[in-house]
Structures are given as C-alpha cells and as structure tokens.
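Here the structure comes first, spelled out in structure tokens, and everything after it is commentary.
The values are calculated or read from the model by the stated rules, or taken from the named source; none is laboratory data. All of these numbers come straight from a predicted model, not from anything done at the bench. Glycine also receives a Cβ, built like all others from the backbone with ideal geometry; neighbour counts cover every protein chain displayed.
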Amino acid sequence: LDMGHARALLSLDKAQQITTAHEIAGKKLSVREAEKLVAKNSGGGRQAPLLRVKKDKSRDVVRLEEELSDLLTAQVEIHVKRRTKRGEQGEVSIQFGSLDELNGLIDKLRGGAQPA
C-alpha cells in the first residue's frame, strides 16, 4: 500500500482499516478504487453518486481529482458541465463522512488558519 491508499483508510475504524487494507492489497487496487471501496464500506453499503467515473473524463481532470483527493484526504469529483466562449464551467464535489471530517476539510481549505 502507498500513501494514497493509507489516506483513504483513515476514515475507517481500526478493525475496518485492517480488513480493508488486506482487501486492497489482495486485489491490488488503485488508489481511486481503494477510495471507492472505503466509501462503500463506510457509507453503510450506499455508494455516493459522486463515485461514478465518467469514461469521457480527460486524463487532466482525473489527475486533478487524484491530486485534490491526496491534498484533502477526501474523495473529490470534478464535473465539467458545459463549454462557453470563456472556457469550460463545472463544479468540484468533496465527500465527507462526518461533521468532524467537514471541519477538517474547511481547515485545510483555509490553509490551516482558524477563523478569527
């Protein structure tokens, strides 16, 4: 397992981390596949819609999703919605499993600074 796999496991409890880590290693899953497995295991079997991967995503978009996922230690999905004269428009979705995780994401997005 590499760092990306380990980050994906952080949201699970210790027992689930060990079991899921063995499954990831045994199946030789990629980081993205490991993140999907963790989301499925931690979400009570309900897979969030943002985990669907479109086949028409460019390599650049997939790379950016992975980079943001690593930086935020959270599942990230980028949706390019439409093209305009000024370029492409879309949205970024960030998955969190609890309010504590959301607060951690907000802290990371603020650069670690606490609100005044």
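Residues in the range 57-114 that are charged (D, E, K, R), assigned to a strand (DSSP E or B) and farther than 15 Å from residue 32 by Cβ: 81, 82, 83, 88, 91. Taking the condition at pLDDT 85 or above, among the aliphatic types (A, V, I, L, M) and either over 21 Å from residue 100 (Cβ atoms) or surrounded by 15 or more Cβ atoms within 10 Å (Cβ to Cβ) (or both), does residue 62 pass? Spelling it out, residue 62 is indeed at pLDDT 85 or above, among the aliphatic types (A, V, I, L, M) and either over 21 Å from residue 100 (Cβ atoms) or surrounded by 15 or more Cβ atoms within 10 Å (Cβ to Cβ) (or both). Listed by first and then second residue, the pairs with beta-carbon distance under 7 Å, at least 6 apart or on different chains, first residue in the range 68-95 and closer than 14 Å to residue 10 by Cβ and of a type in the set (A, V, I, L, M, F, W, C), second loosely packed, with under 15 Cβ neighbours inside 10 Å and at pLDDT 85 or above, are 72/108.
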